[in-house]
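Before any comments, here is the structure.
The values are calculated or read from the model by the stated rules, or taken from the named source; none is laboratory data. It should be emphasised that the depicted structure is a prediction, and the values quoted were computed from it without experimental measurement. Cβ placement follows ideal geometry from the backbone for every residue including glycine, while neighbour counts extend to all protein chains displayed.
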Amino acid sequence: MGARQNDRFRPVVLSDIAPLFLFDYCYKLWYDLPMEFYTFASSSSGNAALLRCDGTAVLLDAGISARRIAQSLAALHMTPDELDAVLVTHAHSDHVNGLATLTKKYAVPVYATRGTANFLPVPAELLHTFEPGAAFAVGALDVRSFRTSHDAAGSVDYRFDSPEGSFGALTDSGYVTDEAAETLAGVDALLLEANHDIDMLQNGPYPYHLKRRILSDLGHLSNEAAAEFALYCVRAGARDVLLAHLSAENNTPAAAEYAVARRLQSAGCPVRLGVAPKAELSEAHRIEHTLVRAAR
Ligand SMILES: [Zn+2]
Ligand SMILES: [Zn+2]
């Protein structure tokens, strides 16, 4: 009886609670990560970006091979199993090339509009479909889709919000739709298409029908269009603009960055401006609320 009493009141020793500390430490390593995004590839031959925040990780498009996606994730100490979702903008191959293998090997949920989903090689049980303009949550992220103007059925792009900040993407759009401007106003960080320099495209080697397609309302944003929209977003609070989906034939990183930087000068505030690498993992882009930054 006496011995039992002693057992019950045995003082707590470090070895009893060490696993709790270890669990808490490991949990915090992942869950206290700031909101940040990376691009894995960005061009007409393949697009994929990662956004992670508060234990949620989403892939925006899977236009490179599943092997390259896994390699990029490994460089960030992640595996494809840890993805909460793949969000697809549209079904062109430079945005979905790796999707079939990725979803065959890993049961990652895929979000796409009904118009896009019809063309996706994804098991039905992994597909979550919606209409353009729909809002939904993926883990810690509030997601809003908006219509883009592109020659692909049901094409959209997305804005993501968390208590830590907001991120938006606009690529593959012939012009900036009203929905894009309304939805992306106020984002802290922006991934923005600067596909071509109009002079380079018009004087370049592309056949006439391809030039017309790219320049049309269903094509891609030029450097000039990107510059104008970047200024709009910076005036609304964006402080990180990463230019994306550059054409290899009709643009250069220097031309795109120069066109946008020149326009942003009139905003009169510091902005992190860069160009997403064509085929490698980008630097980390940490996202913070404009209000949080202002308080520092
Ligand atoms: Zn594309
Ligand atoms: Zn496209």
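The set of residues in the range 104-135 being closer than 16 Å to L184 by Cα and in contact with a Phe, Trp or Tyr (Cβ under 8 Å, 6 or more places away or on another chain) consists of P132, G133. If you go through the range 84-101 and pick out every residue that is more than 15 Å from ligand 1 (Cβ to nearest atom), closer than 22 Å to A137 by Cα and touching a helix residue (DSSP H, G or I) at 6+ places or on another chain (Cβ under 8 Å), you end up with 1. So, H220, is that one crowded, with 21+ Cβ neighbours inside 10 Å and closer than 24 Å to T113 by Cα or not? Taking the combined requirement at face value, the residue satisfies it.
Within the range 232-270, being at pLDDT below 95 and on the phi > 0 side of the Ramachandran plot holds for one residue alone: G268. All conditions but one from (1) away from ligand 2 (no atom under 16 Å from the Cβ); (2) assigned to a loop (DSSP other than H, G, I, E, B); (3) in contact with a Leu (Cβ under 6 Å, 6 or more places away or on another chain) apply to S72; the one that does not is (2).
Selection of helices (runs of 4 or more DSSP H) fully inside the range 112-224 by the criterion of at least 2 residues being within 15 Å of ligand 1 (Cβ to nearest atom) returns 208-215.
Which residue, of A185, A189, is away from ligand 2 (no atom under 15 Å from the Cβ) and either crowded, with 23+ Cβ neighbours inside 10 Å or closer than 28 Å to L210 by Cβ (or both)? Talk me through it step by step, then tell me what you get.
Numbers: A185 fails: either crowded, with 23+ Cβ neighbours inside 10 Å or closer than 28 Å to L210 by Cβ (or both).
Criteria check complete, one pass: A189.
For (1) under 17 Å from the mean Cα position of the chain (by Cα); (2) charged (D, E, K, R), each residue gets a yes or a no:
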site: E125; (1), (2): no, yes
site: A135; (1), (2): yes, no
site: R159; (1), (2): yes, yes
site: A169; (1), (2): yes, no
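Residues that are crowded, with 22+ Cβ neighbours inside 10 Å and either free of Cβ contacts under 8 Å to residues at least 24 places away in the same chain or over 14 Å from A169 (Cα atoms) (or both) were ranked within the range 47-56; the one that is nearest to ligand 2 (Cβ to nearest atom) is R52.
Could you check the range 225-251 and list, in sequence order, the residues that are assigned to a loop (DSSP other than H, G, I, E, B), charged (D, E, K, R) and surrounded by fewer than 16 Cβ atoms within 10 Å (Cβ to Cβ)? Hit for the range 225-251 is E249, nothing else.
Within 16 Å of ligand 2 (Cβ to nearest atom) and either under 18 Å from L87 (Cβ atoms) or out of contact with any helix residue (DSSP H, G or I) (no Cβ under 8 Å at 6 or more places or on another chain) (or both): which single residue out of L170, L141, L215 fits that description? Before you say what the answer is, go through the steps one by one.
Values: L141 fails: within 16 Å of ligand 2 (Cβ to nearest atom); L215 fails: either under 18 Å from L87 (Cβ atoms) or out of contact with any helix residue (DSSP H, G or I) (no Cβ under 8 Å at 6 or more places or on another chain) (or both).
Among L170, L141, L215, only L170 is within 16 Å of ligand 2 (Cβ to nearest atom) and either under 18 Å from L87 (Cβ atoms) or out of contact with any helix residue (DSSP H, G or I) (no Cβ under 8 Å at 6 or more places or on another chain) (or both).
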